[in-house]
Structures are given as structure tokens and as C-alpha cells.
Amino acid sequence: MSITAAILGFGGYVPERVFTNRDWEELVDTTDEWIVTRTGIRERRFAAPDEATADLAENAARVALEEAGLDGSDIDEIIVATDTPEVYTPDTAAFLQDRLGAGSIPAYDLGGSGCAGWLQAIDVARARIALHPERILVVGVELISRIISWKERETCVLFGDGAGAVVMGPEGGTAKVLDVVAGTDGSKAGILTLSTGGTRHPFNQEAVTSGAYNHLTMNGREVFREAVRRMSEAAREIIERVGASLADVALVVPHQANQRIIDAVGKELGVEPDRMYSNIASYGNIGSATVPFALWEARRNGRIRPGDLVVAAAFGAGFHWAAAAVQF
Ligand code: ACO
């Protein structure tokens, strides 16, 4: 059975501070030319020192609520997808519920799914809506600037901070989630990881001294290969599940990790570049915020219009991947 759910409002937010490739040139042994040709990234946004996850989440959530014509008190549930929470415990959703004045509704994080987290979260939301006809705020938010080593050029130049949000409900709004597919390959859990801070490698003096406490590590080439394969497969699967063909898809919104990954997914699918959405030059990889932020932005800049069938696909740590078909 396919369960559809409506999207009543979209929201996005990025911090004001622009951090360019030239800024990275000052800190690590890299060049603007290397970053642009290998990744497509020109700049990214970084949160101010006094900004944290709930701040970015709140800003994106308020934009989505406004479009939906709702207040925080109209929301029945909150799900936040993030790998960079406000604090270790409790979850960011608890802070967000309080800030939005949402009442004592269920609010919880879907953490650790990396860049695929928000698509997994809308999958959970549509199932919850099928059980109870309720309005759910689903946020993707990341401050990846806080978990990277600012000394390791292989990873630090790739990421940015930001947030995206939607309000979902049983009907109405401007878009409908037709279906979602998702998958996980836990055998690759060690390939893209921030392993310090959990119970296996707790915070201790050694973690602080060595810098391991904020050290996201990855095997870039393996991530690249798997991202192309899994996002292409998931996009094909979702298109087939909703009874459409690639020709019916107005826009593919892929996770924004590397322009070469986006190009390779387009090539694999046989979708020409102008139907592959890209904003990586301006924001870099903003993890679970990438897809909801891109959907919000693409509607604002006219790349998504009423009547469009849009396919979103994401891939991240886990490895987790997911794709959704959204009818505008
Ligand atoms: N500046 C200059 N040189 C660099 C930099 C940098 N910032 N980073 C790496 N290099 C060097 C390497 O040291 C290497 O030097 P060597 O040849 O002397 O050994 C050379 O550039 C080539 O390195 P490669 O790893 O082969 O470069 P590649 O073309 O594979 O690009 C990259 C690396 C950009 C990380 C790519 O593999 C990639 O994007 N992978 C996906 C990773 C990713 O997106 N992870 C994010 C999280 S998961 C997700 O969101 C999908």
C-alpha cells in the first residue's frame, strides 16, 4: 500500500557567515582551483559562534510554518534529522518544541543517518500521518563545521551549515509525497564516521588532546562510488514504484556532496544536467539539511513549478540512502 502525505509548507535557513575557498586557503594546504574542480564547491555558510543546532532548526521551521499558515501550537509532532545535535542528550527536537511553543506533543530526533536522515524522517512522518491525521514538522539541520577537523583538507572543505524544514499533513498544501524508498548497508558503518563521543570511544582527555572529538573521517573514494550507485538505484526504484518514467520527472534533487557525484548520477540515470538540481557551489554539503533546503530553494527560484514531479535522492553515513517522489 502506498501512503501519500501532503506538504503544507517548506522552509530553509543558512547562517549569514560566508566562508569561501580562499578562506580555506588561509588555513590548510589547498587551493580554490582544487576545490572547485574536484567538488564544485565555491563557498559555504558557517554558523556564528553563538549559533547552535536549535537556532538553525527554529529559523527554517518558522519559514515552513509561515508558508503553511500555522503556529507552533498547531503542530502535532516534530521530527528532527541531524547528526550534529544541540547537545548529546536530550535531542534537538525537545529544544525546538519548547521554542516553537508547540505544547507537549511528541518530539524526537532521527540521528546518525547522515545525509539521508531527512528523507528517512519524511518516510516515518507519512506513516504516522496515515495512523493519525496529524500535522508533523520535519526538519533536517546540520552544523558540520563543529564536527570536522579544521586541519584536514580532505574533509574540511566539503561541508557547510544549514537547515531545511517542511510541515506535513494528511491533505492540502502545495505538494504530495507519493512514496519513499530507503535502505542501509551497516557493513560500511566504519567508512564515514565520527567515532569518538559514544560508548565505544568515550570523551576523555586523550580524545580532546588528539582532536578526535571533532574528527569526522571517511574514505572519500568509496563514499563517492557508493553514493553514485545507491542514489541512482533508489531514484530508479522510486520512479518505478509511483508508475512514472524518467521522462515524467521535471527535476531530480540529489544530495549535494560533490558536483562530480551529481553529474555521475545524472549520467547513470540518463537525465540531462538541467534536470539535475545543484546548489553545491554556494553551500557545500549540509548533510541532512541538503534535500529540504534544496526543495525550498528550488520552489523559490522557480526551478520547481506546480504540476512538477520531483525525485529527491540522498546518501550518507551508515551507509544509508533514500529517495522520494514528490508531486507538486
Ligand atoms: N586540497 C588540495 N588537495 C587535496 C585536498 C584539498 N582540499 N584534498 C585532497 N587533496 C589531495 C589528496 O591528498 C591527493 O593527493 P595525492 O595525489 O598527492 O595523494 C589528491 O588531492 C587526490 O585525492 P583523491 O582522494 O584522489 O581526490 P578525489 O578526486 O577522490 O576527490 C573527494 C576527493 C573530493 C573527497 C571525493 O572523493 C569525494 O567527494 N568523495 C565523496 C566524499 C563525500 O562527499 N563525503 C561527504 C559525506 S557523505 C555524503 O554526503 C555523500
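General remarks:
- In the range 1-92, the chymotrypsin sites (Phe, Trp or Tyr not before Pro) that fall in loop regions by DSSP, at most 11 other Cβ within 10 Å: Tyr88
- Sequence-separation-based contact order of the chain, relative, with Cα cut under 8 Å and 6+ spacing, percent: 26
- Residues of the range 217-236 with amide N under 11 Å of the 7 Å Cα→Cβ point at Ser187: none
- Subtracting the Cα-Cα distance of Ala130 and Phe203 from 0.36 nm times their residue separation leaves 22.2 nm of extension gain.
- Our note on the geometry: Cα centres of the range 249-328 and the range 200-237, 21 Å apart.
- Cα centroid of the range 5-22 to Cα centroid of the range 59-99, whole Å: 15
- Restricting the range 64-143 to GluC sites (Glu not before Pro) in coil, as DSSP defines it, with at most 11 other Cβ within 10 Å: none
- Placing +1 on the Cβ of every Lys and Arg and -1 on the Cβ of every Asp and Glu, with nothing else charged, gives the range 178-327 a dipole about its Cα centre of roughly 180 debye.
- Coupling constants for the range 169-183 follow from the phi torsions by the Karplus curve (6.51 cos²θ - 1.76 cosθ + 1.60, θ = phi - 60°), and in residue order they are x, x, 7, x, x, 10, 8, 10, 7, 7, 5, 9, 10, 8, x Hz; glycine and proline get x.
We did not get these values from a lab; they are worked out from the coordinates using the rules stated. Because the structure is a prediction, the values reported are computed rather than measured. Here Cβ is always computed from backbone atoms with ideal geometry, including for glycine, and neighbour counts include all displayed protein chains.
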